[in-house]
């Protein structure tokens, strides 16, 4: 039987606020344990939560970015469960009336000929507080509790079960990861837990419109693990069903060391959260004018920018897409063009050499040692024919290594392209005289010999001859219509 | 909707309340009474009525995103039964 996998995601994004969602304690990461745990974080008796307006603003921004309805009135609820890193005995979350309603996002899956676009529907997004952290092994038989993270604002973003492969799920997660950073609501740091995904996976016979029983893979904090976990879970479910077994709804954990998923024991789950509206918090009202105020502060969104890059600069869809994958890349590209670079060349350099170097050195584009204007000055030298593409690559390497600006490197390395036709003609003549055998081969019909001659001429010029001119002169001299 | 004593035990467990068998029976009677009352109320037509989430008809006041709390760890931990290296210690939680 052919099977189809059905995937939905729940993502917890930590909002970039200075303080916690319900108190004025700092949210800075990496501080000494419990130094940012105030009376509200500790849930001391009698304390009351007061909602952080910045967290609300972040939720509105996200709603606008995915074309979702923003609830004029939403309600906070208590999600009850017991765990030592949750001192209140409940998490303040939103249940029946979330702040962000239905929206959607378009993702790009795959690359090259097999690439396709797909719309992923967002069910909802709601505000909630994070729990603290348990540290095990601090003392025999004891667990240590650090409540610095308790009360950190989260926006939980939930999708419809719209994804049909691990690749689609990862493409969605990456796109969401880019988007929340683009609109400045989350730093996207997965190591520090700022962006965590729970993935619901089920399988069904292809063509069926009934959903299978799902298992939820908890807390995936890397895209690589997400891919592995979904692939393992999918084949496990298919094998189980083909062997005549049934799938039990469960929460599972992924073990990166073995690449396997395993169900948590039933005691570790308490799905009966006994939600009810939190009497300590009044309903959250968001007016049209609140929304327009936030709208005015929003940056141009990636989809809009992508369309603009295609229209304004004539970039291919694929290139426009790659350049708008992160705001840093898009801003860098725009600044390079604004500094006088041809847009298509700038696109090629940003997606090519710059991104390759950044990847190799594991750097963000903001850390690029070559500024946008410096890159533009290099590209301008290609545009005006001063240097060849090959020479430009050498100049780029030197600029990256901090050897100076484009013009001084071109000068000091003697990379200026020879475009003087007299000089090139002299070189071509020499090459023709020295390679009589190749000339004969060419005349005998071996077209490859032509390229070999071009190569020889470039070599004789130490790579400085303008290749287009060499081609042209050589063609003329050989009297050939190659 | 009717409850049995297993439901009572389960609810008590979720709320971390210890209930003896005798107490469970008494609780079952009381809760069944409450559920009966709710069933009676279900008969009221509430179509078009927005569920009340708070007894007062006012909305949430928002706080500016400014740090107002200082580190008072020492003070808070002075009343904790066990601490170590700044952590509150609790009986071991199994992952």
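No value in this document is a laboratory result; all are computed from the given coordinates. No experiment lies behind these values; they were computed from the predicted model shown. No Cβ is skipped: glycine too gets one built from the backbone with ideal geometry, and neighbour counts run over all protein chains shown.
When the helices in chain A are scored as -39500 (n - 2.57) per DSSP H run of 4 or longer and the sum is shared across all residues, what 222 nm value do you end up with, to the nearest 500 deg cm²/dmol? Please report the intermediate quantities before stating the final value.
Details: 17 runs with 188 residues, N = 482.
Helices in chain A give a 222 nm mean residue ellipticity of -12000 deg cm²/dmol.
Relative to the longest principal axis of the Cα atoms of chain A, the long axis of helix A:53-65 makes an angle of roughly 50 degrees. Inter-chain Cβ neighbour count for A:92-99, averaged per residue, equals 1 (cutoff 10 Å, partner chain atoms only). Each residue, residue B:6 and residue A:140, gets one label point 7 Å from its Cα in the Cβ direction; the gap between the two is 4.2 nm. So how far, in whole Å, is the C-alpha centre of segment A:7-25 from the one of segment A:86-115? When both Cα centres are located, 12 Å separates them. Would you give the gap between the C-alpha center of segment A:289-347 and the C-alpha center of segment A:141-188, rounded to a whole Å? What the calculation gives is 24 Å, centre to centre.
Remark: the Cα gyration tensor places chain B in the oblate category, a/c being 1.5 or greater and a/b not exceeding b/c.
Across peptide A:140-147, the average count of Cβ atoms from other chains found within 10 Å of a residue's Cβ is 6.
Modelled spin labels at residue B:15 and residue B:58, positioned 7 Å past Cα toward Cβ, are 2.9 nm from each other.
Averaging Cα coordinates gives a centre for segment A:403-453 and one for segment B:66-95; these two points are 74 Å apart. Label-to-label distance, residue B:35 versus residue B:70, with points set 7 angstrom from Cα along the beta-carbon direction: 5.4 nm.
Suppose a student asked you for the relative contact order of segment A:299-413, using Cα pairs under 8 Å spaced at least 6 residues apart; what percent would you report? Present the calculation step by step, with values, prior to reporting the outcome.
Working: 102 pairs, mean separation 22.9, N = 115.
Reported relative contact order: 20 percent.
Of the peptides A:321-328, A:462-469, A:105-112, the ranking by mean beta-carbon count within 10 Å, highest at the top, reads A:321-328, A:462-469, A:105-112.
Rounded to 0.05, the FRET efficiency of the residue A:160 and residue A:31 pair, given R0 = 35 Å and the Cβ-Cβ distance, is 0.35. Taking a ≥ b ≥ c as the square roots of the Cα gyration tensor eigenvalues, segment A:64-148 comes out oblate, since a/c reaches at least 1.5 and a/b does not exceed b/c.
Kindly state, to the nearest 0.05, the FRET efficiency for residue A:389 paired with residue A:115, given R0 = 25 Å and r defined as their beta-carbon distance.
Details: r = 27 Å, r/R0 = 1.07.
The computed FRET efficiency comes out at 0.40.
Residue by residue along A:55-67, Cβ atoms of other protein chains within 10 Å of the local Cβ number 1 on average. Once both axes come from the Cα atoms, what is the angle between helix B:21-42 and the longest principal axis of chain B, in degrees from 0 to 90, rounded to 10? Taking the Cα atoms of chain B, the angle to B:21-42 is about 70 degrees.
Estimate the FRET efficiency between residue A:82 and residue A:102 by the formula 1/(1 + (r/R0)^6), using the beta-carbon distance for r and 51 Å for R0, to the nearest 0.05. Rounded to the nearest 0.05, the efficiency is 0.95.
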